[in-house]
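No lab work stands behind these numbers, since they all come straight from the coordinates. All figures in this text were calculated on a predicted structure; none of them were measured in a lab. Using ideal geometry, Cβ is built from the backbone for each residue, glycine included, and neighbour counts are taken over all protein chains shown.
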Amino acid sequence: MLSTSKMVLPPLPSAELQQRVRLIAESYTRLLGTPLVAEDSDNSWQTLWSAPKVIVAHGTEADPVFFYGNALALSVFEMDFATFTQLPSRYSAEPLLREERATLLERVSRDGYIDNYAGVRIASSGKRFLIEQAVVWNLQDDKGQLQGQAAAFDRWTPL
């Protein structure tokens, strides 16, 4: 595991961001039939922010940009919230692995989610790490409209 000892302060979430974070949790529960975090959790901003797993999400732009990363994600990717939420999500993978990542996202779009993803990611410092048993899922609003994709994992190993 990479060091996650650095305290990451949460941003002040806007109402829109709080709603998008609820969508992350609600979409996960709807697709996988189990809560993203603890079963008794309210899936609030604070619950997901401090979850013991990495949780990230990007929107539906032509080149999707992360709009959310929880405290553990920011620690693992070695970025603050403002920097992370300006990062096109494809830059979280090394250049040679971006085609593999694009294929993965196409599978998620088609099937709704996958729950066994493994791949190499890269932190802002250039450190590479392998994520394993990641869940990647579509973010769909209550009208069934695609609002982005999210991923969660709690296993990573430095390379």
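Is the C-alpha gyration tensor of the chain telling us rounded, prolate or oblate? Criteria: a/c under 1.5 is rounded; beyond that, a/b larger than b/c is prolate, otherwise oblate. Taking the square roots of the gyration eigenvalues as a ≥ b ≥ c, the chain is rounded. Compared with the alpha-carbon gap, the fully stretched path from Ala38 to Thr83 is longer by 13.4 nm at 0.36 nm per residue.
Would you mind ranking Tyr117, Tyr28, Tyr91 so that the residue whose beta carbon has the fewest other beta carbons within 10 Å leads the list? Ordered by Cβ neighbours within 10 Å, fewest first: Tyr91, Tyr117, Tyr28.
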